[in-house]
1. Can you list the lysines whose alpha carbon is less than 28 Å from that of B:Lys24, not counting same-chain residues fewer than 8 positions off?
2. Mind telling me which of B:Glu335, B:Glu173, B:Glu55 comes out most flexible in a GNM of chain B, alpha-carbon contacts under 10 Å?
3. So for segment B:98-229, averaging the separation of alpha carbon pairs under 8 Å that are six or more residues apart and normalising by length, what relative contact order in percent results?
4. 222 nm [θ] for chain B, helices only, -39500 (n - 2.57) per DSSP H run of 4+, per residue, to 500?
5. If the viscosity is 1.002 mPa s and the temperature 20 °C, what translational diffusion coefficient in µm²/s does Stokes-Einstein give for segment B:278-401 when Rh comes from Kirkwood over Cα pairs?
6. Using a 1.4 Å probe on the protein heavy atoms, what percent of the accessible area of segment B:113-234 belongs to carbon and sulfur?
7. Considering chain B as a Gaussian network with a 10 Å cut-off on Cα pairs, which listed residue, B:Val258, B:Val278, B:Val203, attains the greatest mean-square fluctuation?
8. Restricting the count to DSSP beta bridges whose residues both fall in segment B:117-268, what percent are antiparallel, rounded to a multiple of 5?
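The values are calculated or read from the model by the stated rules, or taken from the named source; none is laboratory data. Nothing here was measured: the structure is a model prediction, and the numbers come from that model. Here Cβ is always computed from backbone atoms with ideal geometry, including for glycine, and neighbour counts include all displayed protein chains. Only protein heavy atoms, including side chains, enter the accessible area calculation; ligands, DNA and RNA are left aside. Shrake-Rupley method; radii C 1.70, N 1.55, O 1.52, S 1.80 Å.
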Amino acid sequence: MIARGETVESLLSYAENAYCPPTSMVKDVVLSAAEDLRDKITKVI
Amino acid sequence: MARRIVIIGSGAAGLTAASAARKKDKDARITVITEDEHIAYSPCAIPWVLEGVSEWKDIIMHDPAFYKKERDIDVLIGTRAESVDGAAKKVVAGGKEHIYDSLVIATGGTVFVPPVPGKDLKNVFVVRTIMDGMAIEKAMKDSESAVICGAGVIGLEMAVAMRNMGLKVTVIEMMGQIIPRIADPDMAVPIQEHLESRGIKFVLNAPVQGVNGTDKVEGVTAAGENYECDMVVFATGVRANLEIPRMLGLDIGQLGAVAVSPSMQPYVKGRLQKDIFVAGDLIQCQSAPGNGPTMSQLGSSAVRQGAVAGTNAAGGNETLGPVCSPWISRIGGMEIGGTGLSHSLAEWYGIKSIEGKASGSTRARYHPGGKALTVKISADASSHKIIGAQILAGENATDVSTGSPV
């Protein structure tokens, strides 16, 4: 996603559809980090 | 007449270039010239051998006979490329002339050792090749203590290996954190604390001022303090090996490495060189998130660069896009890795970075035995583009990072 220049929003969108059902909590941690990042960006704006 | 391809260097870039060239051109005469006595091995595995996890023979994948038999590639080991004449398209190595139609330069980098007093004393080492590793292994048998200069991943892996073999180990780092530049402090501190709990001492903010001793090493002075030791390993970064590029007058970029096009071709005074290709630790290429040059200096990058260089040296038309430089390391039972930019690297590129972070487990909550996992993702504050990610895990960081969409 870095190489494609994608945004936090597109990562979240991708991740929301990427796992069903979750086989590991790992995806949750990546998703949580992305959500934390989105929240911080929103605060800055 | 068959195309003559000469490749200087037998690391990941050089040998990948040779194999890629063979794949592209079945009839080419391909010659690899290398100073090294061993080829096709993983330098990253040297600490594992020193720790007794592997043996030297385990980390060597192929020898010259394999390349001759399987790919009709001549590999000349222990052979120094003494001169290169770009006009005559000629390399002189081992007293013999090698005429080329295409030349690939993959001579890698050299460990940077600060120009301090005592740096040439007996028992002062760098870790780059198997020969370096064997010399360190021999010295470790007669040593009780070691100082590692440099707290990057190689320095830390060496520190763990030596500590596990019973040495008293001190790591001296000039920056204020371990794994500087590529890891953020909050991701690096847990690794430092973990290693301290295993008996490794860290001295930060301490530039090395000298290596002390008469016949051999007796200590290292850093930030005014002396740290006694029987041996020293410098793991203070790698600089591009520019000896051959300078013979050809190739343009050197702002990072002190050879500037290349996406086709891995260098320039002379801004003019693309059509018969010369450069790949590996001696080049700078475009950073994907950084919008500027970067020196990737990773085996994974060298393989991709070597494949493009070799294919194009054999008449192909491949290109390599901007890189993210993913890295990962297992250090004393913990795993840390990243891709793209850390906070400090983002600052270097003039990017205001915002980071999001979360912690959890390496396994699903219903699966026992999970270890702590922390993931950090960085974005450009203005564009919201993702520019980096870091991971710290008690296990399986590689699986997590490759499974992550970032």
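1. By straight Cα distance, B:Lys24 reaches B:Lys68, B:Lys69, B:Lys89, B:Lys90, B:Lys96, B:Lys274.
2. B:Glu55
3. On the way: 193 pairs, mean separation 33.2, N = 132.
Once divided by the residue count of segment B:98-229, the mean separation gives 25 percent.
4. Values: 11 runs with 100 residues, N = 406.
After summing the helix terms and dividing by the residues of chain B, the value is -7000 deg cm²/dmol.
5. Numbers: Rh = 16.1 Å.
Estimated via Stokes-Einstein, D reaches 133 µm²/s.
6. 51 percent
7. Looking only at B:Val258, B:Val278, B:Val203, the largest GNM fluctuation is found for B:Val203.
8. 40 percent
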